[in-house]
Each structure stands twice: as C-alpha cells, then as structure tokens.
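The structure appears below as structure tokens.
The values are calculated or read from the model by the stated rules, or taken from the named source; none is laboratory data. The model shown is predicted, which means the values in this text are computed figures rather than measured ones. Reconstructed Cβ throughout: ideal geometry from the backbone, glycine too, with neighbour counts over all protein chains shown.
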Amino acid sequence: MITVLTEGAKSLWKEEEGLGTLEMIMIIAVLIAVVLLFKDKIQDVVEALIKTAGEKSQEVFE
C-alpha cells in the first residue's frame with residue numbers, strides 16, 4: 001500500500017504539464033486582487049507622479 005502511494009506521489013511530482021500555465025494564472029489572479037484592494041491608493045500615487053512630472057517639465061521650459 002505504501003509503495004503504491006509513494007509511486008503515485010513520484011509520478012505526480014514528475015508530471016509537470018500545465019504547471020507553468022497554472023502558475024501564471026495564480027500570479028495574475030494575485031496581481032488582480034492586489035490591484036482591486038489598493039485601487040484608490042495606486043490611483044493617488046499615479047496622479048501625484050503625473051502632477052510632479054508636469055510641474056518639473058514646466059520648470060524646464062521656463
């Protein structure tokens with residue numbers, strides 16, 4: 001019985017088809033969850049960066 005379980009675990013471990021796809025889907029799902037959780041904060045940071053870039057570009061042209 002233990003031998004059957006051990007062999008089954010070994011074959012499962014060696015079979016990697018689709019593993020890369022599953023990992024990519026999991027990473028994308030986590031990234032989407034993070035973006036949804038921190039959407040407002042991300043938007044504030046991006047707006048501040050754009051504002052700062054606009055102010056700095058005006059200083060260059062003055």
* **Odd one out for LYS41, checked against (1) over 19 Å from the mean Cα position of the chain (by Cα); (2) of a type in the set (Lys, Arg); (3) at pLDDT 80 or above** => (1)
* Asked: modelled with pLDDT under 80, of a type in the set (Asp, Glu), out of contact with any Phe, Trp or Tyr (no Cβ under 8 Å at 6 or more places or on another chain) and in a helix (DSSP H, G or I) - does that describe any residue in region 6-23?
  -> yes
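Scan region 24-54 for residues that are among the charged types (D, E, K, R) and either surrounded by fewer than 10 Cβ atoms within 10 Å (Cβ to Cβ) or in contact (Cβ under 8 Å) with a residue 24 or more places away in the chain (or both) and report the count. First the steps, then the outcome.
Going through region 24-54, the residues among the charged types (D, E, K, R) turn out to be 39-41, 44, 47, 51.
Filter once more, so that each one left must be either surrounded by fewer than 10 Cβ atoms within 10 Å (Cβ to Cβ) or in contact (Cβ under 8 Å) with a residue 24 or more places away in the chain (or both): 40-41.
Residues that pass the stated criteria total 2.
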